[in-house]
Amino acid sequence: VQSAGANRGRNIKGKPVKAEHFVNEEQEVIPKKPEIKKLEIKVYNLDTDDVIRNATVVLEEIDFKGMTDKNGVCAIPANRLKNGNVVVSHEDFFGMIEEYGENGFPVKDGGEKSFTLIPKPKRGGDVEIRFVPGNRKSCFKFRVLTEEESPSYSANNVTWGSKVTGKEIVTLKNLMTKKGITSRIVGEIDNLEEFLHPESTIIVSSHKNVEPIEIHAPYYINIKNKIYLDLGFFSNPSQNSQFIEVNTYTEKMPQLNSYLKEYQIFLNYLHHSKGSLKNLLGYNDHGKKTEDFDMVASGTKIANHLEKYGIELTNLPYFISSAIMEEGDYSLRELERKFMKLRPPFNFVDNG
């Protein structure tokens with residue numbers, strides 16, 4: 001006669017019983033250990049698509065701090081995660097923060113989440129400008145306009161480089177030590193459809209700041225030939241280090257100083273007049289509310305409102321075209337994004 005222990009682990013047909021069905025001598029069920037789910041944070045270099053090792057990953061919700069391994073991965077126990085932020089940083093890159101949980105990416109079942117970090121310029125005075133195509137196809141090239149006749153900043157200060165197809169990177173060396181209108185950044189578009197891919201991105205970065213430039217559709221020009229995107233320029237960067245965004249499509253290559261006198265007048269009006277941008281551009285009087293809580297107004301009504309205050313601008317459409325909607329009106333939200341981040345003084349040219 002076999003003992004009870006001899007058949008332990010087998011059912012009446014002699015087949016093995018799963019581990020969770022084992023019992024001890026007192027018939028107490030041995031609890032099954034809960035499965036530990038992992039959230040894998042994987043970190044990449046935007047310029048090269050290589051993984052980044054030794055990036056710091058922080059989740060305050062569970063008091064977690066870790067680093068990525070040689071494969072660019074940091075594994076985090078996901079069982080206790082509910083709602084919070086993942087913060088990823090590295091001394092050679094601009095950090096990122098992203099929300100998870102109810103209002104962010106899902107973490108309940110673990111899985112993998114990728115972060116792509118933007119490299120910082122290697123020298124403190126450098127500025128880098130990047131284009132990252134959504135489809136990884138070549139469609140856009142930077143042109144850097146400099147003052148050749150009296151070169152306070154010449155083409156010798158500009159370097160180019162990209163290791164990944166379609167990506168464009170231009171470095172303006174020691175730009176933050178210069179004075180005057182040092183350089184104007186123009187994009188030459190070879191394939192507009194690829195350029196307008198929703199994941200295409202333009203980024204301007206110095207050693208301390210990084211700024212995306214909004215890519216918008218060119219509803220306002222008849223596209224027949226090659227077109228250019230007048231992105232913007234740097235003015236007296238040693239004293240005012242910001243990038244002055246223009247962000248306008250044109251069929252003609254702009255010059256270094258194109259439209260700067262009027263742009264200077266317009267920006268000084270916006271930043272030295274009392275009232276909100278909504279009031280200064282006449283949206284309170286002529287604007288229409290939209291379903292997404294924006295306001296729109298026609299270019300004619302904006303121009304007429306400015307003329308009441310003595311601001312007559314021949315090239316106003318050039319300055320506000322990044323806010324144009326498909327119907328032809330201009331978005332207040334986009335104009336606020338573009339102009340309210342800029343800081344005076346605006347001394348691009350001599351008004352005399």
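The values are calculated or read from the model by the stated rules, or taken from the named source; none is laboratory data. Bear in mind that the values here come from a model prediction, so they are computed numbers and not experimental data. In this analysis, Cβ positions are derived from the backbone assuming ideal geometry, glycine residues included, and neighbour counts consider all displayed protein chains. Calculation scope for accessible area: heavy atoms of the full protein, side chains included, ligands and nucleic acids excluded. Shrake-Rupley method; radii C 1.70, N 1.55, O 1.52, S 1.80 Å.
When you scan the stretch 278-307, how many residues do you find that are of a type in the set (Phe, Trp, Tyr) and touching a Leu at 6+ places or on another chain (Cβ under 8 Å)?
Of the stretch 278-307, the ones of a type in the set (Phe, Trp, Tyr) are 283, 293.
If we keep only those that are touching a Leu at 6+ places or on another chain (Cβ under 8 Å) too, we end up with 283.
Matching residues across the stretch 278-307 total 1.
Return the residues of the stretch 308-338 that are among the aromatic types (Phe, Trp, Tyr) and either under 20 Å from Lys289 (Cα atoms) or assigned to a loop (DSSP other than H, G, I, E, B) (or both); say none if nothing qualifies. Reasoning before the result, please.
Filtering the stretch 308-338 down to residues among the aromatic types (Phe, Trp, Tyr) leaves 309, 318-319, 330.
Selection gives Tyr309, Tyr330.
Has the stretch 109-122 got at least one residue that is at positive phi, open to solvent by 20 Å² or more (accessible area, probe 1.4 Å) and part of a strand (DSSP E or B)? Before the answer, list the steps.
From the stretch 109-122, those at positive phi are 110-111; that's our starting set.
Next, from what is left, pick out any that are open to solvent by 20 Å² or more (accessible area, probe 1.4 Å): 111.
If we keep only those that are part of a strand (DSSP E or B) too, we end up with 111.
Checking the stretch 109-122: at least one residue is at positive phi, open to solvent by 20 Å² or more (accessible area, probe 1.4 Å) and part of a strand (DSSP E or B).
How many of the residues making up the stretch 269-302 are of a type in the set (A, V, I, L, M, F, W, C) and open to solvent by 30 Å² or more (accessible area, probe 1.4 Å)?
Restricting attention to the stretch 269-302, the residues satisfying the condition of being of a type in the set (A, V, I, L, M, F, W, C) are 270, 277, 280-281, 293, 295-297, 302.
If we keep only those that are open to solvent by 30 Å² or more (accessible area, probe 1.4 Å) as well, we get 293.
The number of residues fulfilling the criteria is 1.
Only residues that are hydrophobic (A, V, I, L, M, F, W, C) and either open to solvent by 40 Å² or more (accessible area, probe 1.4 Å) or in a loop (DSSP other than H, G, I, E, B) (or both): list them for the stretch 85-108, please. Spell out how you get there, then give the answer.
First pass over the stretch 85-108, keeping only residues hydrophobic (A, V, I, L, M, F, W, C): 86-88, 93-94, 96-97, 105, 107.
Val87, Met96, Ile97, Val107 - these are the residues of the stretch 85-108 that are hydrophobic (A, V, I, L, M, F, W, C) and either open to solvent by 40 Å² or more (accessible area, probe 1.4 Å) or in a loop (DSSP other than H, G, I, E, B) (or both).
So that you can scan it fast, the table gives a plain yes or no per residue for (1) farther than 15 Å from His271 by Cβ; (2) in contact (Cβ under 8 Å) with a residue 60 or more places away in the chain:
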{"position": "Ser321", "(1), (2)": "yes, yes"}
{"position": "Glu326", "(1), (2)": "yes, yes"}
{"position": "Arg333", "(1), (2)": "yes, no"}
{"position": "Glu336", "(1), (2)": "no, no"}
{"position": "Arg343", "(1), (2)": "no, yes"}
{"position": "Asn347", "(1), (2)": "no, yes"}
Are there any pairs with C-beta distances below 7 angstrom linking a residue in the stretch 235-258 that is over 15 Å from Thr182 (Cβ atoms) and touching a residue at least 60 places away in the same chain (Cβ under 8 Å) to a residue that is open to solvent by 20 Å² or more (accessible area, probe 1.4 Å) and in a loop (DSSP other than H, G, I, E, B), with the two at least 6 apart or on different chains, and if so which? Asn247/Glu214; Tyr249/Ile221
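Residues are listed down the side, and each one gets a yes or a no for (1) open to solvent by 40 Å² or more (accessible area, probe 1.4 Å); (2) under 30 Å from Arg123 (Cβ atoms):
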position	(1), (2)
Val43	no, yes
Ile52	no, yes
Leu59	no, no
Asp69	yes, yes
Val73	no, no
Ala78	no, no
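Rundown of residues vs (1) hydrophobic (A, V, I, L, M, F, W, C); (2) over 25 Å from the mean Cα position of the chain (by Cα); (3) closer than 30 Å to Lys173 by Cβ, yes/no style:
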site	(1), (2), (3)
Tyr228	no, no, yes
Thr250	no, no, yes
Gly275	no, yes, no
Met295	yes, no, no
Ser298	no, yes, no
